[in-house]
Amino acid sequence: MTATLPAPSTVEPVESGDQALAARVLEVLATVEDPELPVGLVDLGLVRRLHVTDGRVTVGLTYTSLACPCVEMIREDVREAVSALDGVVSVEVEDILEPWSRDDLTDVGRALLRTVAVV
């Protein structure tokens, strides 16, 4: 499956019947914003892995800081948004503790952050 995720991110292969659901999951993850920044998780480069099998979704996330005070809020927002999609049976959020940097931003994320901060 092809996805528009920043460089260090990976999308694990999905079974053929789940590709459409995986694409919808990525779309909804792009709309989930970091509580501290007006940028979606995909454009921030926080979504590092996505695996979808038989309606079971696992989302691997990193955070802008290991001390991010919003980690639980982000996890809950992801669970809520993805669970609302038709065809999703379960949602698991995995922490992927990789360093985040501005290099992880998409061009869209970089442009959005420039409107609120210097990147």
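The values are calculated or read from the model by the stated rules, or taken from the named source; none is laboratory data. Note that the coordinates shown come from a computational prediction; the quantities given were computed from them, not determined experimentally. All Cβ positions, even for glycine, are placed from backbone atoms using ideal geometry, and neighbour counts span all protein chains on display. Please note that ligands, DNA and RNA were not included when accessible areas were found on the heavy atoms of the full protein model with its side chains. Shrake-Rupley method; radii C 1.70, N 1.55, O 1.52, S 1.80 Å.
Before moving on, here are some points about what is shown:
- Every residue from the stretch 81-99 that is under 21 Å from Ala20 (Cβ atoms) and assigned to a loop (DSSP other than H, G, I, E, B): Ala84, Leu85, Asp86, Gly87, Val88, Val89
- Test result for Glu98, modelled with pLDDT of 95 or more and acidic (Asp, Glu): no
- Residue count for the stretch 22-60 satisfying the condition of being touching a residue at least 60 places away in the same chain (Cβ under 8 Å) and surrounded by fewer than 19 Cβ atoms within 10 Å (Cβ to Cβ): 3.
- Here is the figure for the stretch 81-119: residues that are touching a strand residue (DSSP E or B) at 6+ places or on another chain (Cβ under 7 Å), closer than 17 Å to Val42 by Cα and in contact (Cβ under 8 Å) with a residue 40 or more places away in the chain total 4.
- Any hit, the stretch 79-92, residues being among the β-branched types (Val, Ile, Thr) and open to solvent by 80 Å² or more (accessible area, probe 1.4 Å): yes
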